[in-house]
Amino acid sequence: MVYLKVKDLEEVGYQAFLGANAPDGYARTVAKHLVENNILGHHSHGIIRVIGYNTRIKDGGLVPDAEPELVKESETTAVVDGHWTFGQVPAEFATDILIKKAKKYGMGSVSLRNLSHLGRVGHYAERLADEGLASILFVACGGWGGAQAPFGGKEARLCTNPMAMGFPYHPGSPFLTDIATSATAEGKLRVYRARGEKVRDGWILDSDGNPSNDPNDFYNGGTILPTGGISSGHKGYALAFMVDLFGSVISQGGSPGQKSEYFSNTSFFMAVDVERFVPLEKLREDADTMVRHVKDTPLIDESKPILYPGEMEANARKGAESKRIGLEEATWNGIVDVLREYSRESIVDSLDIADHE
């Protein structure tokens with residue numbers, strides 16, 4: 001493992017994306033978004049993605065300097081086309097639109113199409129919650145292909161299809177649920193592969209449909225199982241199917257069965273202004289009561305306290321700027337290769353790299 005300071009890791013991402021001809025603002029936005037995920041412990045959506053994003057740029061599935069477009073809108077709805085740029089850029093653009101609509105009209109919804117990987121879905125739910133908005137976000141991948149088998153199947157036909165729900169609480173610490181509908185996020189398999197570690201039972205099948213603990217088997221034609229696995233995956237599968245209806249079919253950016261050339265995080269974001277129903281302070285008082293009630297539950301393991309959804313992320317942000325982020329050597333070497341490809345490897349010499357936290 002190698003360990004880098006947060007500011008240095010953001011600079012590495014920024015320089016890599018600049019080298020790929022991303023505008024300055026895009027490069028900063030995406031790099032900051034990825035490193036935030038590392039800070040929160042979601043390494044599957046962290047700086048490791050520099051490598052995959054660069055591959056998509058070279059393949060033509062990610063256009064670094066394309067501008068998102070508001071295709072059409074009504075008072076409470078909008079359609080955004082990302083024109084295949086970094087997914088974080090149109091997702092932030094759509095979130096800004098959604099905040100304005102929900103604040104003005106009490107609720108709003110935005111569909112997104114033709115955008116690359118938008119990162120950690122919970123980021124946008126957190127933004128909405130900090131504006132006093134409750135939200136549900138559905139993120140699919142259009143007709144690109146699959147990573148997840150439907151319940152009872154042994155071949156990938158759906159994507160990991162995450163969904164997030166955010167709800168206002170105290171500033172900087174909203175309630176948040178951000179989950180893949182599959183047994184694991186695909187990005188976690190990347191991390192396990194980079195670390196040379198086996199994955200948990202019930203996560204994947206190999207290309208012959210047999211259970212496997214080797215992450216390489218997924219990338220060699222295998223599939224991820226729905227949440228619940230072989231025996232109890234009907235709920236995860238049903239959620240994944242519904243996410244595609246909201247995220248893919250409504251967006252008209254491609255859907256399963258309609259093969260598309262490039263990966264696209266087709267999405268549907270919905271938000272509601274909670275103060276149209278209850279004053280925010282009363283909501284927080286009631287939520288505090290609920291949190292205390294849940295946390296007071298007798299524990300199975302006294303060393304593992306009950307957390308409210310989103311508390312782990314709120315705790316991880318404390319002192320974040322002074323933290324070092326650990327990367328697998330394989331991941332770091334892959335990122336340096338990207339920098340080298342754009343003749344920006346000299347930045348590595350200026351970094352404070354350590355072999356410990």
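Every number in this text was worked out from the coordinates using simple rules, so none of it is lab data. Not measured: the values here are computed from a predicted model. Note that each Cβ is placed from the backbone with ideal geometry, even for glycine, and that neighbours are counted across all protein chains shown.
Take the conditions (1) in a helix (DSSP H, G or I); (2) touching a Leu at 6+ places or on another chain (Cβ under 9 Å); (3) within 30 Å of LYS323 (Cα to Cα); LYS32 misses just one of them, which is (2). I need the full set of residues from segment 124-155 which are over 27 Å from SER231 (Cα atoms), among the aliphatic types (A, V, I, L, M) and within 17 Å of the chain's Cα centre (by Cα), in order please. Residues satisfying the conditions are ALA125, LEU128, ALA129, ILE136, LEU137. Residue under question is LEU283, and the condition is that it be more than 20 Å from the chain's Cα centre (by Cα) and surrounded by 16 or more Cβ atoms within 10 Å (Cβ to Cβ); does it hold? Yes.
Restricted to strands (runs of 3 or more DSSP E) entirely inside segment 39-148, those with at least 1 residues that are under 29 Å from ARG190 (Cβ atoms) are 77-81, 107-113, 133-139. Look at segment 282-310 and say how many of its residues are charged (D, E, K, R) and assigned to a loop (DSSP other than H, G, I, E, B). Within segment 282-310, residues that are charged (D, E, K, R) and assigned to a loop (DSSP other than H, G, I, E, B) number 4. For segment 38-85, a residue qualifies if it is surrounded by fewer than 23 Cβ atoms within 10 Å (Cβ to Cβ), without any contact (Cβ under 8 Å) to a residue 60 or more places away in the chain and among the polar types (S, T, N, Q), and the qualifying residues are THR55, SER74, THR76, THR77.
Residue-by-condition table, conditions (1) over 26 Å from TRP332 (Cβ atoms); (2) aromatic (Phe, Trp, Tyr):
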site	(1), (2)
ILE51	no, no
ASP59	no, no
PHE93	yes, yes
ASP96	yes, no
LEU118	no, no
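Checking each residue in segment 160-205 for being among the aliphatic types (A, V, I, L, M), in a strand (DSSP E or B) and touching a residue at least 24 places away in the same chain (Cβ under 8 Å) picks out MET163, ALA164, MET165, LEU176, ILE179, LEU205.
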